[in-house]
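Everything on this sheet refers to the single structure shown next.
The values are calculated or read from the model by the stated rules, or taken from the named source; none is laboratory data. Since we're looking at a predicted model, the values are computed, not measured. As a convention, Cβ positions derive from the backbone with ideal geometry for all residues, glycine included, and neighbour counts pool all protein chains shown.
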Amino acid sequence: MTSLFEELLPATQRTLLHRIAVAQSEGRAPSFAAGVARDGRVVWTGSRTSVDGHAPDADTQYRIGSITKTFTAVLVLRLRDEGLLDLNDALENHLPGTGVGDVTIAQLLAHSAGLSAEAPAPWWERTPGSLRPGLADVLGDQTRMHPTGRRFHYSNPGYTLLGSLIEAVRGASWEDVLRREILEPLSMDRTSPQPQAPAAGGWAVHPWADVLLPEPSEDLGLMAPAGQLWSTVTDLCRFAVFLADGDERVLSASSVREMRTPSVPPEAGEWDSAYGLGLQIIRRDGRTLVGHGGSLPGFVAGLWLSVDDGIAAVALANATSGPLTGAVATDLVRLVAEAEPRIPEPWRPLPEVDRELLELTGPWYWGTYSYALRLVAERGLELGPLNGDGRGSRFVAEEDGTWTGLDGYYAGETLRVVRGADGSVSLDLGSFVFTREPYEPGEAVPGGVDKEGWRGLRL
């Protein structure tokens with residue numbers, strides 16, 4: 001059963017259906033559901049099933065496992081944006097008595113706190129949360145696996161701590177805060193801590209025979225913020241759009257962009273992947289994708305988006321292993337991006353001209369390095385090397401007449417226009433002086449300029 005939308009070409013739709021059909025067949029999944037959003041709207045959904053006449057649709061719930069962590073991270077960033085905590089705060093400041101209170105909130109979000117990957121036995125994903133009634137039961141005796149803040153080490157207990165932090169600061173349960181602050185504003189009414197019909201059942205598929213075993217579906221208790229949620233293709237596509245653009249009712253675009261920024265160095269040999277704040281970041285086929293994978297017994301899930309292409313994809317299956325939903329989701333993004341590349345917005349001139357800013361455009365020199373400064377919308381500036389080799393950044397205008405770097409080497413740095421009494425103009429960028437001529441005499445070039453000026457080589 002497949003829902004097709006006019007926004008995608010028929011050939012593209014068939015290619016997407018073929019990809020998930022192969023995934024369901026080769027991955028031996030009882031069912032497989034997927035969807036694609038482009039430029040803020042769901043433009044395709046499809047599904048495959050092993051039971052004739054009972055295919056899931058975009059409204060069927062699947063368990064999404066660790067994609068839940070991204071929701072928990074959004075709730076923590078909301079607390080930061082409201083001034084209720086700082087990401088550099090020690091956990092102890094807001095949630096005392098854990099025994100690991102010296103780790104920071106940012107380290108927990110980025111899996112760099114050095115905590116254990118899993119809760120103590122028995123396997124927490126297949127046992128009721130009542131077996132772990134307190135944080136001590138979740139953390140166990142051996143809590144530190146690595147030095148704090150030094151490396152990425154995925155930690156499910158770390159996100160349990162973040163869920164308890166949210167409850168401590170908000171004075172309400174993680175489930176209630178999630179519903180009130182994310183699910184309701186984004187109209188994700190088919191996302192819930194417990195399954196709501198129609199919902200897929202979870203299955204294990206025998207590795208050497210085409211037979212099934214039902215998997216238990218446990219309430220994870222304190223571990224819920226690490227992997228409890230159930231959701232649908234439609235709801236997760238909606239969430240992916242939010243992760244690309246932000247939504248002032250939930251989290252600003254700048255804070256969502258912060259979530260998508262790598263937080264710790266990647267592992268050796270894994271230079272094509274990193275982790276931000278509750279989001280995975282990977283490089284595939286020449287594009288950067290952000291999102292998260294998830295799994296719990298009986299289910300696997302993947303959500304990935306390319307911000308530059310404006311495309312997001314979701315893939316869900318009800319099998320413990322086999323279907324590579326993450327790979328399918330990234331493939332769906334690639335297939336749409338390559339078959340129907342994004343059509344750029346028409347170029348339009350600026351609505352008005354700021355003469356002073358216009359005079360700043362053109363070539364500038366940092367020492368002997370040549371750069372060009374361009375004026376863009378909303379008094380923004382773009383600085384880039386003229387020969388293709390050098391540091392470049394975009395800058396956003398501030399109310400005090402300065403500009404702040406948005407990306408690249410100068411991200412967060414301040415750009416100032418320095419006007420001399422004699423009418424000369426230079427740029428100060430994080431202590432670097434840019435002049436209209438290389439080492440321009442009379443400008444405030446650090447170290448001064450030789451009085452004899454430029455010269456040839458005298459033999």
*asked:* Please return the ranges of helices (runs of 4 or more DSSP H) entirely within the stretch 1-117 where 1 or more residues are of a type in the set (Ser, Thr, Tyr).
replied: 10-26, 68-81
*Scan the stretch 146-165 for residues that are under 21 Å from Gln280 (Cβ atoms) and part of a helix (DSSP H, G or I) and jot them down.*
Asn156, Pro157, Gly158, Tyr159, Thr160, Leu161, Leu162, Gly163
*For the stretch 101-115, name all the residues that are under 9 Å from Thr148 (Cα atoms) and free of Cβ contacts under 8 Å to residues at least 24 places away in the same chain.*
none
_Regarding the stretch 209-232, can at least one residue be identified that is among the aliphatic types (A, V, I, L, M), within 29 Å of Gly134 (Cα to Cα) and surrounded by fewer than 22 Cβ atoms within 10 Å (Cβ to Cβ)?_
yes
_From the list Val449, Val433, Val445, Val418, exactly one residue is part of a loop (DSSP other than H, G, I, E, B), touching a residue at least 12 places away in the same chain (Cβ under 8 Å) and among the hydrophobic types (A, V, I, L, M, F, W, C). Which is it?_
Val445
*For residues that are on the phi > 0 side of the Ramachandran plot, within 35 Å of the chain's Cα centre (by Cα) and hydroxyl-bearing (Ser, Thr, Tyr), tally how many sit in the stretch 388-447.*
1
*asked:* Here's a check for you: in the stretch 252-275, which residue that is touching a residue at least 40 places away in the same chain (Cβ under 8 Å) and part of a loop (DSSP other than H, G, I, E, B) is surrounded by the most Cβ atoms within 10 Å (Cβ to Cβ)?
replied: Ser263
_Extreme residue, surrounded by the most Cβ atoms within 10 Å (Cβ to Cβ), among residues of the stretch 276-287 that are under 20 Å from Ser66 (Cβ atoms) and out of contact with any helix residue (DSSP H, G or I) (no Cβ under 7 Å at 6 or more places or on another chain)_ = Gln280
*Residue that is assigned to a loop (DSSP other than H, G, I, E, B), at pLDDT 95 or above and out of contact with any helix residue (DSSP H, G or I) (no Cβ under 6 Å at 6 or more places or on another chain), where the choices are Ser217, Ser187*: Ser187
*Is there a residue being surrounded by fewer than 24 Cβ atoms within 10 Å (Cβ to Cβ), under 25 Å from Asp407 (Cβ atoms) and touching an Asp or Glu at 6+ places or on another chain (Cβ under 6 Å) anywhere in the stretch 309-324?*
yes
*Exactly one of (1) modelled with pLDDT of 90 or more; (2) farther than 30 Å from Thr261 by Cα is unmet by Gly380. Its number?*
(2)
*Residue among Pro441, Pro385 that is surrounded by 12 or more Cβ atoms within 10 Å (Cβ to Cβ) and under 24 Å from Arg374 (Cβ atoms)*: Pro385
*When the stretch 398-427 is examined, which residues are found to be of a type outside the set (Val, Ile, Thr) and crowded, with 16+ Cβ neighbours inside 10 Å?*
Trp403, Gly405, Leu406, Tyr410, Glu413, Leu415, Ser426, Leu427
*Do we have Pro195 as in the same structural domain as Pro30 (by TED's automatic domain parsing), at pLDDT below 95, closer than 23 Å to Asn156 by Cα and surrounded by fewer than 17 Cβ atoms within 10 Å (Cβ to Cβ) here?*
no
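Per-residue answers, yes or no, for (1) surrounded by fewer than 22 Cβ atoms within 10 Å (Cβ to Cβ); (2) of a type in the set (Val, Ile, Thr); (3) farther than 18 Å from Glu215 by Cβ:
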| position | (1), (2), (3) |
| --- | --- |
| Leu17 | yes, no, yes |
| Ala23 | no, no, yes |
| Gly27 | yes, no, no |
| Val36 | no, yes, yes |
| Thr45 | no, yes, yes |
| His54 | yes, no, yes |
